[in-house]
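Following: one structure in structure tokens, then a few remarks.
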Amino acid sequence: KLPSEHPVMLLITEACRPKPKPEPFSEERACAWCGDQFQARIDSQTFCSTRHKVKAGKNRRRGREHGSTSHFTWSEFMRVFIKFDRCCAYCEQPIDAQPDPDHVVPLSKGGSNSITNILPSCSLCNSDKRDLLLDEWAADRATRGKALRVTTWAITDPRVTHLTVTTSPALAA
């Protein structure tokens with residue numbers, strides 16, 4: 001039998017000793033989709049829930065399908081929605097449910113998927129606008145005998161300073 005101070009015995013003793021468990025990773029972060037604070041459990045966690053991770057992925061995928069490399073987050077969109085006093089940017093009616101992010105220049109017509117091309121809209125305006133540009137939408141509503149939906153911000157409004165697109169002169173009339 002080897003003495004307990006022998007190097008081989010020290011190695012055996014060390015190998016049999018229970019290893020201390022590493023400290024669990026926990027860090028407070030802002031969700032990359034909604035901006036809310038949450039406790040990240042792993043170093044690579046950037047979303048507060050799987051639902052938000054899926055929504056962000058769908059948003060990025062939809063933009064990529066149309067050739068757009070940029071994307072917006074829900075927290076950016078909600079800041080714009082609040083600037084519009086929780087109303088539709090087009091009909092200016094209050095929106096009690098979730099607002100629809102509307103691409104001013106549709107993705108199908110080369111618009112960006114970033115917040116610089118997004119306005120909050122009610123589901124009625126968003127579905128009525130479809131994939132039309134603002135001046136095309138105004139002409140479409142006129143041919144159907146419906147009132148113009150784009151109101152005060154079409155000329156100049158501080159609430160749309162985030163937009164990089166310009167409105168058509170036809171809408172300012």
Looking at region 75-95, is at least one residue in contact with a Phe, Trp or Tyr (Cβ under 8 Å, 6 or more places away or on another chain), in contact (Cβ under 8 Å) with a residue 24 or more places away in the chain and closer than 21 Å to residue 61 by Cβ?
yes
Please specify each residue of region 17-52 satisfying the condition of being touching a residue at least 12 places away in the same chain (Cβ under 8 Å), open to solvent by less than 40 Å² (accessible area, probe 1.4 Å) and more than 13 Å from the chain's Cα centre (by Cα).
40, 45
Which numbered condition trips up residue 80, out of (1) surrounded by fewer than 18 Cβ atoms within 10 Å (Cβ to Cβ); (2) under 19 Å from residue 31 (Cβ atoms)?
(1)
Of all residues in region 106-137, how many are closer than 13 Å to residue 91 by Cβ and either in contact with a Phe, Trp or Tyr (Cβ under 7 Å, 6 or more places away or on another chain) or surrounded by 18 or more Cβ atoms within 10 Å (Cβ to Cβ) (or both)?
9
Which of the following residues is of a type in the set (D, E, K, R) and closer than 22 Å to residue 35 by Cβ: 130, 141, 149, 79?
79
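Go over the candidates 25, 72, 81, 77 one by one and state the one that is of a type in the set (Phe, Trp, Tyr), part of a loop (DSSP other than H, G, I, E, B) and touching a strand residue (DSSP E or B) at 6+ places or on another chain (Cβ under 6 Å).
On the way: 25 fails: touching a strand residue (DSSP E or B) at 6+ places or on another chain (Cβ under 6 Å); 81 fails: part of a loop (DSSP other than H, G, I, E, B); 77 fails: part of a loop (DSSP other than H, G, I, E, B).
On inspection, the qualifying residue turns out to be 72.
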Close pairs (8 angstrom Cβ cut-off, 6 or more residues apart or separate chains): more than 14 Å from residue 96 (Cβ to Cβ) in region 120-131, of a type in the set (Ser, Thr, Tyr) and open to solvent by 20 Å² or more (accessible area, probe 1.4 Å) anywhere:
131/108
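Against the condition of a type in the set (Lys, Arg), outside any loop (DSSP other than H, G, I, E, B) and closer than 20 Å to residue 78 by Cβ, how does residue 61 come out, does it pass? Reasoning before the result, please.
Details: of a type in the set (Lys, Arg): yes; outside any loop (DSSP other than H, G, I, E, B): yes; closer than 20 Å to residue 78 by Cβ: no.
It is false that residue 61 is of a type in the set (Lys, Arg), outside any loop (DSSP other than H, G, I, E, B) and closer than 20 Å to residue 78 by Cβ.
The values are calculated or read from the model by the stated rules, or taken from the named source; none is laboratory data. Keep in mind that what you see is a predicted model, and the values were worked out from it rather than measured. Cβ atoms come from the backbone with ideal geometry, glycine included; neighbour counts cover every protein chain shown. Calculation scope for accessible area: heavy atoms of the full protein, side chains included, ligands and nucleic acids excluded. Shrake-Rupley method; radii C 1.70, N 1.55, O 1.52, S 1.80 Å.
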